[in-house]
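Okay, structure first, notes after.
Quick note: the coordinates plus some simple rules give every number you see, no bench work behind them. The structure displayed is predicted, hence computed values, not measured ones. Reconstructed Cβ throughout: ideal geometry from the backbone, glycine too, with neighbour counts over all protein chains shown.
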């Protein structure tokens, strides 16, 4: 007798899993569905595959198994199997399916087919934009996307189309999207306008792929604004002035962070979210497990467990000597200024996450002029500009393009050369290349990062330390 389970709404949606990948029968045929049976209602069950979850009813009749599908979990009823007067809900919820299952089970032993009284089901209610955003967020979590990116979708849409949030999707028209896109653009935010409707389109597409009856995506009709001037590397003749301004930034944590980005080429999110456990500042190889298998971190290397692209793009690369010296000094300063209470972050702040936020890396940082007066002119570059600068420096220093792609976590291979797929440079080889790029940058900069001039004990207590 098959094992029975306690069915709850949450369990039927999340707990019961499809068959393990590669599972086969004794004859070698692949197993694509898993069956679970309710302990409360006779013959009532759940069938789960990779793409579907449906309620079923099964009964042994005259020496044969009779099985019918009631409908998808939380979705439409199977019209020919469940007459309308047997349904207590418009959708196939657990409660409604269980009640219908009792009637279907009793009817399976009759000679008359169930389809005799079947009628067309009532149309499913169109979800609201809020429900669609929540659905999209769950889908992103299933893909193991960064929580900040997930929250950014709801934040961006709430900020710019918040008055639509409780409207059914069918009430959001192409005309509304076009007018709002133009209004945001007219407010001097053409890139923001594009981003808002990129997110709306993604939310809409996600729920349309999983639910029936979703209206046409109105965000697809938007005429996107032309992209602004793309980010480029900092010209070499401007690099010394950038270094001078950066060395005058008041907050030593943020000052070190700007230099760290320049000499690693990391994306701003990857740089801001470094934890001490992601680094190996010792002279011995260490092994860590960040929840996705054991990772080997060689001496002088950094591991990014969840970069752009998610855990599938995790990477470990060596750091140049200057970056390592910045980190060692920062660890000592954090210990000195916070007594070890930096919560594990290399760049601590009193933010929601406990670290400096990428968006908090403003193009204008606070610094003091030669007379000690506070100024707000600062570095005057976007953080991503420093990533371009690092990669340009490596190229001009003679670092092979494949090595540069690996050091900056760009897709490998970076060309159509299939042979690159077979190349996995050693850590020592990459260490030489990153030092080559760093030496080139140092020569062009003509400056080095200044050390903390004084103790800065209030940085962790207030993120305003970056702005005051």
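Obtain the nm distance between the two label points defined at residue 66 and residue 191 by a simple spin-label model: each point lies 7 Å from its Cα along the Cα-to-C-beta direction.
6.5
Just to verify a number: FRET efficiency for residue 102 and residue 350, C-beta to C-beta distance, R0 = 41 Å, to 0.05?
0.10
Can you put 10, 90 in order of Cβ neighbours within 10 angstrom, beginning with the fewest?
Least crowded to most crowded, the residues run 10, 90.
Can you work out the FRET efficiency for the pair residue 321 and residue 238, with r the C-beta to C-beta distance and R0 = 25 Å, to the nearest 0.05?
Plugging the Cβ-Cβ distance into 1/(1 + (r/R0)^6) gives 0.55.
Distance in nm between label sites at residue 21 and residue 429, each 7 Å beyond Cα in the beta-carbon direction?
2.8
Just grab the label-to-label distance for residue 384 and residue 31, each label 7 Å out from Cα along the Cβ direction, in nm (one decimal).
4.7
Residue separation times 0.36 nm, minus the C-alpha to C-alpha distance between residue 276 and residue 420: what's the value?
That works out to 48.6 nm of additional length.
By how many degrees, 0 to 90 and rounded to 10, does the Cα axis of helix 129-142 deviate from the longest principal axis of the chain?
The angle comes out at about 70 degrees.
Give the distance, in whole Å, between the Cα centre of the stretch 47-70 and the Cα centre of the stretch 203-245.
Centre-to-centre distance over Cα atoms comes out at 46 Å.
Counting other C-beta atoms within 10 Å, which of 422, 395, 36 has the fewest, and how do the rest follow?
In order of increasing Cβ crowding within 10 Å: 422, 395, 36.
Just order 309-321, 94-106 by mean Cβ neighbour count inside 10 Å, highest at the front, would you?
Going from most to least packed, we get 94-106, 309-321.
Where does the chain land at 222 nm, in deg cm²/dmol rounded to the nearest 500, when only DSSP H runs of n ≥ 4 count, each adding -39500 (n - 2.57), divided by all residues?
Mean residue ellipticity, 222 nm, calculated: -11000 deg cm²/dmol.
Relative contact order for the stretch 142-248 using alpha-carbon pairs under 8 Å, separation at least 6, rounded to a whole percent?
Once normalised by length, the contact order is 26 percent.
Students often get this wrong, so try it: which of [x] 32, 26, 22; [y] 55, 28, 21; [z] 36, 26, 21 is semi-axes √(5λ) of the Cα gyration tensor in Å as calculated from the structure shown?
Derived directly from the coordinates: [y].
Which order, highest average first, do 55-63, 343-351 follow once you tally other Cβ atoms within 10 Å for each residue and take the mean per peptide?
Per-residue Cβ counts within 10 Å, averaged per peptide and sorted highest first, yield 343-351, 55-63.
Find how much the distance from residue 84 to residue 142 grows on full extension, using 0.36 nm per residue of separation minus their present alpha carbon separation; answer in nm with one decimal.
Residue separation times 0.36 nm, minus the Cα-Cα distance, leaves 17.5 nm.
Order the peptides 218-224, 3-9 from the highest to the lowest mean number of other Cβ atoms within 10 Å of their residues.
Packing order, densest peptide first, comes out as 218-224, 3-9.
With a 10 Å Cβ neighbour count serving as the proxy for reagent exposure, in which order, fewest first, do 136, 388 appear?
If I rank by nearby Cβ atoms, fewest first, I get 388, 136.
Could you grab the relative contact order for the chain? Cα pairs under 8 Å, six or more apart, rounded to a whole percent.
11
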